[in-house]
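Single-structure report; data block below.
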Amino acid sequence: MIYSVIVDISVSEIDRIFDYKGEGYQVGSRVLVNFGNRKTEGYIIEEKLTTTCPPEKLKEIICCLDDFPVISPSLIELGSFMREQYHLRWVDVLRLFIPAEMRKNRVKELFKNQATLTDDNIDNILASLKSSAHKQRDLVTFLYKNGATLTEKLNAQFGNSALQSLVKKGFVTLSPVAVRRKPYSQLQVDNQQERTLMPAQQIAVDAILSSNGGKFLLHGVTGSGKTEVYLTVIERLVKQGKSCIMLVPEISLTPNMLRQLRQRFGDTVALLHSGLSTGERFDEWLRLKRGEAKIAIGARSAVFAPLSNIGAIIIDEEHDSSYISDFNPRYNTIEVAKYRANQSGACLVLGSATPSLGSFYDATHGKLQLLSMPDRINKRPLPTVEIVDMAMETRLGNRSIFSNTLKERLDETLKAGNQAMLFLNRRGYSSFLMCTKCGYVAKCTDCDVSLTVHREDNQLKCHYCGKHFYMLDQCPSCKEHSFKQGRIGTQQVVDLLSHMYPDVKVLRMDADTTSTKESHGKILQAFGNQEAQILVGTQMIAKGHDFPKVTLVGVLDGDQSLHHEDYLATERTFQLITQVAGRSGRDVVPGKVVLQTYTPTHYCLQYASRQDYNGFYKREISLRQASQFPPFAEIIRILYQGESEQECIDQLTVHFADLCNLKAECEDAFFYLDKMRCPLKRAEKKFRFQILLKVAPHQVDTLLPQIFFICDNKTKSGVQIFVERNPQNLS
Ligand code: ADP
Ligand code: ZN
């Protein structure tokens, strides 16, 4: 038999299929093969009877590396789709489908010894033991009562020698068992109370379950009970023997969703995300692969969960930009999920209080079925939003980041024993350090990014590449000792609060406080248990969380993302503010929101303050149409990165000429074509340039292969080229 193998080496020159011969292998297996003059891993993606490879050159597969095929045929098919759609290398796609450390066998199942009694009749054993051998007798009794037990536990309880003696005497045998490394094993799981669905929830559930592979947009305001819809759908499908995938946008949201899933489904739930330990990730993956777990939950990569017979793929907070991968391999999770759902006739449910404009447009044009839940559970009111004009505050002499209104509301909230969340999408202490004399701004040596001041370890940090630098006490340029700091970050907000409210406990949640594995869960649990009254955080706190005691949300800088040049800026800001406002007043006490801004009349903030999605949608979609932006055009960006500026320019110039020719051939398909430096000019020592194209949506499928073909012409080996379709980040 001939097998088509993709070798596990990620360079463009090797991105093709190599044929090997062998007998009895299965498609999807990870195998060891001779490649060049070394041995390397590879994946079988096809078996066939003939090959064009001359017989004397055809090598034999050395062996299979696992006792099961690691990639299913349907995932191979998905891989082939992604490869064409996103212009990816085979191997980069295949690597998405298995735990990273499985390659090169860096992770295995964990086996531990367990002890079992050899005789069911405990009296026989006890009669043969001396009455003075207390520990041995206790151990035997323990095993009799508890059944097979891990030796490490027995050794801790009864000492090593007791167990060894019993083994020697033949009363106990030891055998290896696989032990599961379970993520978030400490997560509090309460008893799940039975719930009757509200009418709107029932309608949504019925529509989804009766659809037989339908595609839905569940548009429900914050607190409308979308989660309950997801859980009910999953429950029904799992009862029918199907499996489900549930995606949440960020790792910070997984503990919360995981808790709810475990409450209802116990160990049939497996968690997949990059924040787990190697062993945990592998074990969770294996449980899904073996069918021991039927429900996969995680961030975007969980869309590749090794499940068969999928009944539903649910994407919560579908508008979130994290669903679009912006590094290699670049892909759009929602498109991937659609393909996977089609493969297995599964339903696709996209849920959000603030759907992406594209999804809502699809829903109004019949590509998605719209399900609306316009009310909060029990008709609880949406929070009332007060917009505070910060320019006015300054004029009135208040230069603090807290407006007087926000201070008043905070006082009231704390006095009433309720909780508040303060949102500021800027971590660190302050956003830059500038010399007051010469205007020098501290920048990263590798990136075109100003450094953020961090007070906790008194360092300057690059938020792009993570590099740390010593704090400056003297300007390197003019030797002056006086500095001005940039805009306030979350660290400083916590500092200020501790002076304003010395007795109030404040928690902070941002990338700096959540670098360890389970820290998200711990902070959220502490806040949920009311160990603190105020939670300060970045966009990590904006979505999904449901804290009944939170009655006040403060948006400290409502303008932060609004004035980017990016066409997505208004949509993003609307989503973020609506989402974060939605954390307030989710229980009996009505919620309040204070939205601080320098542009109080901006339509985006006005609609967000009324949480009027439909109003915002109408206005924004007509702007997009008039200016030819998605969904009325597809944006394609070709990104060039390299350490040599000239090489980048040379490479770009070659492609640009070809693209101009292409444009001349089909003028009406192109709305725009130009080349430029990226807004972020340099990152991680590499210069960055881009070609931007806007093309007609109905032409994109014919144009893309031609664009890919042009970009395959690589003349400069030191330049990385990436083609991105509708990138979420144009920096
Ligand atoms: P969303 O995801 O839409 O923001 P959630 O799913 O978090 O909303 O639900 C909001 C609140 O309403 C939660 O506290 C949830 O427990 C509660 N809830 C949801 N469905 C019901 C129901 N059918 N009956 C009573 N309470 C419900
Ligand atoms: Zn940097």
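Miscellaneous remarks
- log10 of Debye I(q)/I(0), alpha-carbon scatterers only, for segment 402-526 at 0.15, 0.19 Å⁻¹: -0.80, -1.08
- If the segment from Gln706 to Ser498 were pulled out straight at 0.36 nm per residue, it would be longer than the present Cα-Cα gap by 69.0 nm.
- Sequence-distant residues sharing a close amide H with Met246 (under 5 Å, placed H): Ala296, Ile297, Gly298, Ile314
- Percentage of interatomic Cα-Cα distances in segment 634-725 larger than 18 Å: 39 percent
- Distances between placed amide hydrogens fall under 5 Å for Ser356 paired with His319, all partners being 5 or more residues away or on another chain.
- Spatially proximal lysines relative to Lys407 (Cα-Cα < 22 Å; intrachain offsets below 8 disregarded): Lys415, Lys505, Lys549, Lys592
- Pairwise label distance in nanometres, Arg677 with Asp123, each label 7 Å out on the Cα-Cβ vector: 9.1 nm
- With θ taken as phi - 60° and the Karplus curve 6.51 cos²θ - 1.76 cosθ + 1.60 applied, the whole-hertz 3J(HN,Hα) list for segment 366-375 is x, 7, 10, 8, 8, 10, 10, 10, x, 10 Hz, x standing for glycine and proline.
- Residues of segment 698-731 with an amide N closer than 18 Å to a point placed 7 Å from the Cα of Asn661 along the Cα-to-Cβ direction: 703-716.
- 19 Å Cα-Cα reach of Lys130 towards lysines, excluding residues that sit fewer than 8 places from it in its own chain: Lys168, Lys169
- Remark on segment 2-105: ratio of C-alpha radius of gyration to 2.2 N^0.38 Å is 1.00.
- Pairs with C-alpha atoms separated by more than 27 Å, drawn from the list Lys294/Lys338; Lys443/Lys716; Lys226/Lys461; Lys226/Lys522; Lys104/Lys685, are Lys443/Lys716; Lys226/Lys461; Lys104/Lys685.
- Length added when fully stretched, Thr196-Asp326, from 0.36 nm per residue minus Cα-Cα: 42.7 nm
- Positive minus negative residues near Leu154 (Lys, Arg vs Asp, Glu; Cβ under 11 Å): 0
- Cβ distances below 4.7 Å define possible disulfide partners, and in the chain the cysteines left without one are Cys53, Cys63, Cys64, Cys244, Cys347, Cys465, Cys604, Cys648, Cys660, Cys666, Cys678, Cys711.
- Extension gain, Ser175 to Lys112, is 21.9 nm, computed as 0.36 nm per intervening residue step minus the present C-alpha separation.
- The lysines within cross-link reach of Lys21, meaning a Cα-to-Cα straight distance under 20 Å and a gap of 8 or more places when in the same chain, are Lys39, Lys48, Lys57, Lys59.
- Isotropically averaged projected area of segment 430-487, using the convex hull of Cα atoms (one quarter of hull area), nm²: 3.7 nm²
- Restricting segment 646-731 to GluC sites (Glu not before Pro) in coil, as DSSP defines it, with at most 16 other Cβ within 10 Å: Glu684
- Residues Met390, Met500, Met373, ranked from the fewest to the most other C-beta atoms within 10 Å, line up as Met500, Met390, Met373.
- Span from the segment 627-675 Cα centroid across to the segment 476-536 one, whole angstrom: 42 Å
- The relative contact order of segment 676-731, computed from alpha carbon pairs under 8 Å that lie at least 6 residues apart in sequence, is 36 percent.
- Note on Lys479 and Ile62: their simple-model spin labels are 6.3 nm apart, each label 7 Å out from Cα toward Cβ.
- About the centre of its Cα atoms, the chain shows a dipole size close to 1400 debye [charges on the beta carbon of Lys, Arg (+1) and Asp, Glu (-1) only; nearest 20 debye].
- Low-density loop cleavage sites - GluC sites (Glu not before Pro) in segment 463-540, where at most 11 other Cβ are within 10 Å (DSSP): Glu531
- Legend: calculated FRET efficiency, Glu13 to Gln628, from the Cβ-Cβ distance at R0 = 60 Å, rounded to 0.05, equals 0.95.
- With bins 10 Å wide beginning at 0, the percent of Cα pairs of the chain falling in each bin runs 2, 12, 19, 23, 21, 13, 6, 3, 1, 0.
- Two-site FRET efficiency, Glu77 against Lys415, from Cβ-Cβ distance with R₀ of 60 Å, rounded to 0.05: 0.50
- For the chain, the relative contact order is 10 percent, taking Cα pairs closer than 8 Å that sit 6 or more residues apart in sequence and dividing their mean separation by the residue count.
- Projected onto planes of every orientation and averaged, the convex hull of the alpha-carbon atoms in segment 387-442 covers 5.9 nm².
- Pairwise label distance in nanometres, Tyr603 with Thr653, each label 7 Å out on the Cα-Cβ vector: 4.3 nm
- Spherically averaged projected area in nm², based on the convex hull that wraps the Cα atoms of segment 432-591: 11.5 nm²
- Spatial offset of segment 272-317 relative to segment 32-58 amounts to 31 Å, using the alpha carbon center of each.
- FRET efficiency for Thr50 and Asn309, using Cβ-Cβ distance with R0 set to 51 Å, rounded to 0.05: 0.95
- Over segment 199-376: Rg over Rh, Cα atoms, Kirkwood Rh: 0.94
- Backbone N under 19 Å from the Arg487 label point (7 Å along Cα→Cβ), restricted to segment 432-471: 432-435, 441-444, 448-455, 461-465
- Net charge, Arg95 excluded, C-beta distance under 10 Å - Lys, Arg +1, Asp, Glu -1: 0
- Paired Rg and Dmax values of segment 110-179, which use every Cα atom, in angstrom: 11.3, 37
Throughout, read-outs are computed from the coordinates displayed, never taken from laboratory work. Source: prediction; values computed, not measured. Because the Cβ atoms are built from the backbone with ideal geometry, glycine has one as well, and the counts that use them run over all protein chains shown.
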